[in-house]
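Report on the structure given below.
Readers should treat all values here as calculations from the given coordinates under stated rules, not as data from a laboratory. Predicted model, so just to flag it, every value in this text is computed and none were measured. Cβ placement follows ideal geometry from the backbone for every residue including glycine, while neighbour counts extend to all protein chains displayed.
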Amino acid sequence: MRERVIKSDDEWRGLLTPEQFRVLRRAGTEPAFSGALTDVFDEGTYRCAGCQTTLFTSETKFHSGCGWPSFWKPISDDVITEHADTSFGMARTEVRCAVCEGHLGHVFNDGPPPTGLRYCINSVSLEFVPVGADTSDTPT
Ligand code: FE
């Protein structure tokens, strides 16, 4: 079980940009095709913009055409949690960071093999760490 990161809204506001706060802490969605990481396919890892936990790797990122960064698997099963989401009259599965409970996006069943899943994740919820970058001063 990973140690949880729990902060108040005021603490999160001090750490995040207004758009990160809206998406991560209020389950917002960035406009399609607006995110900085949608078309990034360099080698590296993607970590939570809230708590810096590594969530995905470039090996599972694929071009979905949906307008948001898309992955077919998280880096491990214990870094994300899934929640039923019936907002906007749709039955969707929300995915959150398991460590800070930040909203990441949703998971759909129209992804590629081997999982058939598409983790559709907001760019602003993620930070890309290129392979070889020095991350020794931050948790992973
Ligand atoms: Fe997090």
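A few comments on the model shown:
- Matching residues in the range 75-106 - criterion: being within 16 Å of the ligand (Cβ to nearest atom), in a strand (DSSP E or B) and of a type in the set (A, V, I, L, M, F, W, C): Ile80, Val95, Cys97, Leu104
- Test: residue in the range 75-91 that is surrounded by 13 or more Cβ atoms within 10 Å (Cβ to Cβ), in contact with a Gly (Cβ under 7 Å, 6 or more places away or on another chain) and not acidic (Asp, Glu): no
- Here the range 56-74 is the region considered, the condition is being part of a strand (DSSP E or B) and closer than 23 Å to Val5 by Cα, and the residue that is nearest to the chain's Cα centre (by Cα) is Phe56.
- Within the range 39-53, the set of residues being of a type in the set (S, T, N, Q) and near the ligand (Cβ under 8 Å from one of its atoms) comprises Gln52, Thr53.
- Output for the range 60-94, where each listed residue is within 21 Å of Asp39 (Cβ to Cβ), touching a residue at least 12 places away in the same chain (Cβ under 8 Å) and not polar (S, T, N, Q): Lys61, Phe62, His63, Cys66, Gly67, Trp68, Pro69, Phe71, Trp72, Lys73, Pro74, Ile75
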